[in-house]
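These notes concern the structure reproduced below.
All of the numbers you see were taken from the coordinates with simple rules; none came from a lab. Remember, it's a predicted structure, so these values are computed and weren't measured experimentally.
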Amino acid sequence: MGTVRDHRRQGYMLITVFGRRGSGKTTMIRHMIPLQKRPVVVIDILGNFQNDDYPHVTTHSHIEALSEIKSYVHEPKKHPGIIVVFDSNMDRCVDYLSSALWKINGGTLVIDEADAISIPESPCFDEAIRYGRNHGINLITGCRRPAELSKNITAGSDLALCLTTHEPRDIEYYCDFLGDDLAAQLPTLKPHHGVYRDFINKRSGTFRSDASGKMHVITKVSRQPKAKQLELVKETQISCGNDEDIDTDVV
């Protein structure tokens, strides 16, 4: 049985975690956060990450978060490099912070319940999804229902982790995304178990998540399952500016 210890070493720039309430999805994301490339910006939509044990700074607006990113850029040794942010307007928050990471050419954006973010209202986030890897931006998303997540996130995934589910509509979606063989295993797995597809190393199989959220590989197949080839949705070119004259230049 193997263990994924450090997602940075595997070269995963876009990780998607799918799971119903109580499946262990958020716990898995929480375990990944300290392992990611700094600065790590955690968009805390449901307030699940503000009291975590790892060193971090909690902010309550995108303005505060931008200031913390700037502090990290200028004095990285004096800053924990993990910024948890809650904002009354999460679409706007994600947009400005995506723009900031774009400008510094690096960092990690973490969004659990990512389906809550409106892509039309967050054009800079959409740019980060599609082209962020060219600017050193890593992305981790969590979502309960796969069909509700932006198809650009799904199509761009380097590593997909799907926890057990009995929901027929979800399984049908996973058949297209993961392949019939993997998707068919989801209703048969124990709690906190799931299937994964590694698009970089062309592997797939089953895993379990322990109480800390660490992923342990149970079975591994060195071949890609048959699935539909998802493609990025081509949108009209947009500008990653902002309409509030807020400075996202944190360098």
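For segment 2-221, what is the convex hull volume of its Cα atoms per residue in Å³?
111 Å³
Given contacts defined as C-alpha pairs under 8 Å and at least six residues apart, what's the relative contact order of segment 2-221, whole-number percent?
On the way: 438 pairs, mean separation 59.2, N = 220.
Relative contact order here is 27 percent.
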